[in-house]
Amino acid sequence: MSRLKIEDLEEKAADGGGEAMYALAQRVLAGDGVEQDIARARELVSRSADTGYANALFLMGVWAQTGAHDSEDPAAAIELYRAAGEAGHAKAWLNLGILYQVGQGAPASVEKAGDAYKKGAELGSGHAAANYAAMLQVGSFGEPDYEAAAEWYSKAIALGHAEARNSLNDVQQAMGLPELMRDGSPAKSNVFWKRMLGLR
């Protein structure tokens with residue numbers, strides 16, 4: 001939502017718009033053009049979440065997980081992250097995957113963690129893709145699957161998660177790929193094949 005005058009934002013929020021209530025809550029939290037009021041901001045976020053607005057559901061999940069503004073409630077965080085994820089919030093699936101992986105708020109489940117990470121990746125989270133790749137790499141679902149891990153690390157890189165590049169290189173090394181073919185660099189691969197085929 002483009003930046004509005006606080007009066008206009010108050011009006012839109014009063015009409016019950018989830019996005020407007022969330023935007024107003026951010027302003028109230030920061031004391032930006034309006035008196036800072038944590039209790040009011042939390043109420044606005046909660047009302048926004050009730051409309052199904054993904055960002056509000058996600059923030060409520062973060063608050064429940066961390067205990068910000070209230071006591072920690074990981075079980076509630078799981079439900080809020082799931083609702084936010086189903087509303088299209090990629091990072092909510094990432095956080096949900098982490099909770100399932102470590103067993104916080106629910107029994108640990110590699111299957112549920114992996115499913116959450118894949119859904120996050122489908123929505124554009126490179127971090128979620130990298131976490132799923134790491135599970136494949138260490139054999140969380142059985143035997144280590146380096147080929148699949150390399151594929152998911154490559155997806156993570158394509159989604160902007162640069163830290164996955166080192167992990168991809170490690171997996172490719174474990175697969176026995178020559179150094180010139182590692183790290184997903186087409187230029188290096190081309191050099192390697194030209195040398196292998198006697199083209200240079």
| In region 69-85, residue surrounded by the most Cβ atoms within 10 Å (Cβ to Cβ) [restricted to those that are in contact with a Phe, Trp or Tyr (Cβ under 7 Å, 6 or more places away or on another chain) and not in a helix (DSSP H, G or I)] | HIS69
| note | Okay, helices (runs of 4 or more DSSP H) sitting entirely in region 1-54 with 2 or more residues that are among the charged types (D, E, K, R) and either farther than 24 Å from ALA83 by Cα or over 24 Å from the mean Cα position of the chain (by Cα) (or both), I get 6-14, 38-50
| remark: Filtering region 32-55 for residues that are within 15 Å of GLY16 (Cα to Cα) and exposed (fewer than 14 other Cβ atoms within 10 Å of the Cβ) leaves a count of 1
| message | Take the residues in region 124-153 that are acidic (Asp, Glu) and farther than 18 Å from ARG165 by Cβ; name whichever of them is surrounded by the fewest Cβ atoms within 10 Å (Cβ to Cβ). | response | GLU143
| remark: Among helices (runs of 4 or more DSSP H) completely within region 86-178, the ones holding 2 or more residues that are basic (Lys, Arg) and touching a Leu at 6+ places or on another chain (Cβ under 9 Å) are 110-122
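Any read-out appearing in this document is the output of simple, stated calculations on the displayed coordinates, not a laboratory observation. Just so it is clear, the model here is predicted, and its values are computed rather than measured. Cβ sites come from the backbone with ideal geometry, for glycine too, and all protein chains shown count toward neighbours.
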